[in-house]
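Contents: one structure, followed by commentary.
The values are calculated or read from the model by the stated rules, or taken from the named source; none is laboratory data. Everything numeric in this text was worked out from a predicted model, so none of it was measured. Methodologically, a virtual Cβ is constructed for each residue, glycine included, from the backbone with ideal geometry; neighbour enumeration extends over all protein chains shown.
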């Protein structure tokens, strides 16, 4: 897993933008409320866009990683290459 974060120049203790690349047996689960996202596409593949605050949990070998939950308060574009994003009321994994 690779996480890159850019801080806010006016508030260096605050993350302004972050990029998560997840692989190697780790997945992420985003918990969004019903209607909190829009279906879209990235490179012709299904993707999700949300402006709502949401929680991200990291999963390894089917079990949540304890202590690795993150509240994302900003906008997020969620997509995966080579796998399917769920299309139900809320994404189970991205």
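Can you work out which of the residues in the stretch 54-71 that are in a strand (DSSP E or B) and surrounded by fewer than 10 Cβ atoms within 10 Å (Cβ to Cβ) is modelled with the lowest pLDDT?
Within the stretch 54-71, the match that is modelled with the lowest pLDDT is 67.
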In this structure, does residue 90 turn out to be under 14 Å from the mean Cα position of the chain (by Cα), at pLDDT below 80 and part of a loop (DSSP other than H, G, I, E, B)?
yes
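In the stretch 2-16, how many residues are in a strand (DSSP E or B) and over 25 Å from residue 60 (Cβ atoms)?
We begin by selecting, within the stretch 2-16, every residue in a strand (DSSP E or B); these are 2-8, 11-16.
Filter once more, keeping what is over 25 Å from residue 60 (Cβ atoms): 6-8, 11-14, 16.
Final tally of qualifying residues: 8.
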For residues that are at pLDDT below 80 and either under 15 Å from residue 75 (Cβ atoms) or in contact with a helix residue (DSSP H, G or I) (Cβ under 9 Å, 6 or more places away or on another chain) (or both), tally how many sit in the stretch 34-53.
1
